[in-house]
Amino acid sequence: GCVVDGKKRWDGEMWSSDCTIYHCLNGQLQIQSDPTCCEFNSIWYPHRSTWTDGCHEYTCMAGSIQKSVINSCCTAEDTVYSDGQTWIKACMDCSCNNGVIACTEILHC
């Protein structure tokens, strides 16, 4: 068997904790990363966990990260804007208001 953190583990026993898989084999502890977890900005997330970063929501699904824009942000021409952000595009003054884009024409443009 193996002794891990003062706890005896049986030979052949496998267990996981925080995206790490442990296996006690012939008295030796083998450690590997859980393939169902995802790494994002040097942080490991377990399968089916969700987190946000700016205007994006991420979900870890079986080792791959799915990305979507959160509802309060806006997407215009492949650019993501946060809630309350304003921008000018083609003589239009635009803003993102809780996921809705509102634009007004700029006079004398």
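The values are calculated or read from the model by the stated rules, or taken from the named source; none is laboratory data. Treat the numbers as computed from the prediction; the structure is a model and nothing was measured. So basically every Cβ, Gly included, is an ideal-geometry build from the backbone, and we count neighbours across all protein chains shown. Heavy atoms of the whole protein, side chains included, go into the accessibility calculation; ligands, DNA and RNA do not. Shrake-Rupley method; radii C 1.70, N 1.55, O 1.52, S 1.80 Å.
Applying the criterion of being open to solvent by 70 Å² or more (accessible area, probe 1.4 Å) and assigned to a strand (DSSP E or B) to the residues of the stretch 62-73, the residue that is nearest to SER17 (Cα to Cα) is GLN66.
Residue-wise test of (1) among the hydrophobic types (A, V, I, L, M, F, W, C); (2) open to solvent by less than 50 Å² (accessible area, probe 1.4 Å); (3) assigned to a strand (DSSP E or B).
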site	(1), (2), (3)
VAL3	yes, no, yes
ASP11	no, no, no
CYS24	yes, yes, yes
TRP44	yes, no, yes
THR52	no, no, yes
CYS60	yes, yes, yes
THR75	no, no, yes
ASP93	no, no, yes
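Cβ-Cβ contacts under 9 Å between residues 6 or more apart (or on different chains), taken from a first residue in the stretch 75-95 that is within 15 Å of HIS56 (Cα to Cα) and in contact (Cβ under 8 Å) with a residue 12 or more places away in the chain to a second residue that is assigned to a loop (DSSP other than H, G, I, E, B) and open to solvent by 60 Å² or more (accessible area, probe 1.4 Å), are listed as VAL80/GLY54; SER82/GLY54; ASP83/ASN98. Residue under question is GLY99, and the condition is that it be open to solvent by less than 70 Å² (accessible area, probe 1.4 Å) and at pLDDT 95 or above; does it hold? It is true that GLY99 is open to solvent by less than 70 Å² (accessible area, probe 1.4 Å) and at pLDDT 95 or above.
Checking the stretch 83-90 against the condition returns no match, with no residue being within 10 Å of the chain's Cα centre (by Cα) and farther than 30 Å from TYR22 by Cβ.
Restricting to the stretch 77-91, name every residue that is small (Gly, Ala, Ser) and open to solvent by less than 60 Å² (accessible area, probe 1.4 Å). Once the filter is applied, which keeps residues that are small (Gly, Ala, Ser) and open to solvent by less than 60 Å² (accessible area, probe 1.4 Å), the stretch 77-91 yields SER82, GLY84. Selection of the stretch 33-42 for residues being open to solvent by 40 Å² or more (accessible area, probe 1.4 Å) and either more than 20 Å from ILE65 (Cβ to Cβ) or assigned to a loop (DSSP other than H, G, I, E, B) (or both) yields PRO35, THR36, ASN41, SER42. For the residues TRP44, TRP51, the requirement of being under 14 Å from CYS19 (Cβ atoms), of a type outside the set (D, E, K, R), at pLDDT below 95 and under 10 Å from the mean Cα position of the chain (by Cα) singles out TRP44.
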